[in-house]
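Contents: one structure, followed by commentary.
The values are calculated or read from the model by the stated rules, or taken from the named source; none is laboratory data. All figures in this text were calculated on a predicted structure; none of them were measured in a lab. Every residue, glycine among them, receives a Cβ derived from its backbone with ideal geometry; neighbour counts consider all protein chains shown.
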Amino acid sequence: MDATHEEPERRDLPPGIEYRGTHLWVRYGVNGRKFREPCPAHVTSPRAAARWRAERIAQQTGGSGGSSRLKAQVAMDAVIARYERDGRRSLDSARGRAKAVSKAFGHVRIVDLTPEMVDAASARWVGEGLTPAAINRRLKLLRRGLRLLVEGRQLAYAPHVPLLLEKSPEGRYMTPADLAAIVEELPPHLRGFVAFAYAVGVRKRQLARTLRRFVDVEAATIAWPTSETKTETEHVVPLEEGADGTLAIVEAAMAEAVPHCPFLFHSPDCRPGRTPSKRFGCIGDFKKAWATACKKAGFPVGRKHGGFVFHHTRNSAASNLRRAGVEEADAMKITGHLTPSVFRRYAIEDAAAVEARRAALAKRAAYVASLGTTRKVVPMRRAGGAA
């Protein structure tokens, strides 16, 4: 045999594993039938081939053969059913993602689903303009559905679903001047809402769904229950006094209360019989109004073009709290962050912090320079003790 086509070493191969040329194959038997299959491209070692062989046997034997006929659509149905059972707030967005996953994989048998197929679908979605983060949300939903089938013993093994490498979107700091320019172009009913978000850093959905009963004007606090927070923990924020403080914003909103609407912030369309938005309460989603205000204020529109999005009010609030000298733990309680690592991604450093590190490096350089570079040479003693 030509040396360039010499087969890899066959010694010590696990049972049921063999090489054909330079490619790994597996062989096994199920219910009297014999199978011999090539390993996928990602299986590159005999040990990995043994694991893959075990997975193939489990797929062939699970559920008296029924699992081999299950299609990916069953996994998506399972995960949506679980979201409905648990009353997940993200049910609507999950349905949209499940629809996209079903279109790509719903007709595919789960036993035939390979990482290469998932990568091909991811590449198509990238070509359609989706970000890696958006694609991974779809794929994680598929992963969840497959795990539910395993938990329900409908499936013996969940195939690997590779995710894309993603980077968290960079936050932007909105100066008070930037905020004022945007707020000036917003409709009147949104101005106090945006100013409050800039001061405290509350998430858009949580703030929009604030009910008047969450407000205690005498104690000057708003207390969101666990059902209204992303972290499912109670979030209590004190209100600042003063003409431009958050207490004044809330008092103005409370003064506009109407009997037929329980929300703190209202849309001009608020009227008896109107159904509020499930996600954003009476005030509704105002992406278009925000984009229009940014454009009129002279800023690019959208994150992709380097512009401001509403979520940057959260970045700015965290940054202002830290720059003002507020302890990290106290700042996190105000913004509603649970972990320091996430909070630190939001708190954007200012030029003063960079200059402080520059000064620290200058001190280090001065110290090293003070040590000098002259070396004192001590002659070695000659043999016999003579110098």
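Yes/no per residue for (1) small (Gly, Ala, Ser); (2) more than 18 Å from residue 282 (Cα to Cα); (3) surrounded by fewer than 19 Cβ atoms within 10 Å (Cβ to Cβ):
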{"site": "149", "(1), (2), (3)": "no, yes, no"}
{"site": "162", "(1), (2), (3)": "no, yes, yes"}
{"site": "166", "(1), (2), (3)": "no, yes, yes"}
{"site": "174", "(1), (2), (3)": "no, yes, no"}
{"site": "186", "(1), (2), (3)": "no, no, no"}
{"site": "197", "(1), (2), (3)": "yes, no, no"}
{"site": "200", "(1), (2), (3)": "no, yes, no"}
{"site": "225", "(1), (2), (3)": "no, yes, yes"}
Over region 184-209, the set of residues over 24 Å from the mean Cα position of the chain (by Cα) and more than 18 Å from residue 319 (Cβ to Cβ) is 184, 185, 186, 187, 188, 189, 190, 191, 192, 193
Open item on the list: Suppose the filter is touching a His at 6+ places or on another chain (Cβ under 9 Å) and either over 30 Å from residue 356 (Cβ atoms) or assigned to a helix (DSSP H, G or I) (or both); does residue 322 pass it?
Closed with: no
So, first residue assigned by TED's automatic domain parsing to the domain that holds residue 193 and part of a helix (DSSP H, G or I) in region 284-312, second residue modelled with pLDDT under 95 and among the charged types (D, E, K, R), Cβ within less than 7 Å, six or more apart or across chains; the pairs are 312/172
Checked 268, 262, 272 against criteria (touching a residue at least 60 places away in the same chain (Cβ under 8 Å), surrounded by fewer than 19 Cβ atoms within 10 Å (Cβ to Cβ) and either in the same structural domain as residue 90 (by TED's automatic domain parsing) or not hydrophobic (A, V, I, L, M, F, W, C) (or both)); the one match is 268
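Table: residues versus (1) within 26 Å of residue 199 (Cβ to Cβ); (2) part of a helix (DSSP H, G or I); (3) in contact with a helix residue (DSSP H, G or I) (Cβ under 8 Å, 6 or more places away or on another chain); (4) among the polar types (S, T, N, Q).
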position	(1), (2), (3), (4)
318	yes, yes, yes, no
333	yes, yes, no, no
352	yes, yes, yes, no
361	no, yes, no, no
376	no, no, no, no
A careful count of residues in region 263-290 that are over 31 Å from the mean Cα position of the chain (by Cα) and more than 20 Å from residue 197 (Cα to Cα) gives 6
message: Quick check on region 110-121. Is at least one of its residues surrounded by fewer than 19 Cβ atoms within 10 Å (Cβ to Cβ) and either of a type in the set (Phe, Trp, Tyr) or at pLDDT below 90 (or both)?
response: yes
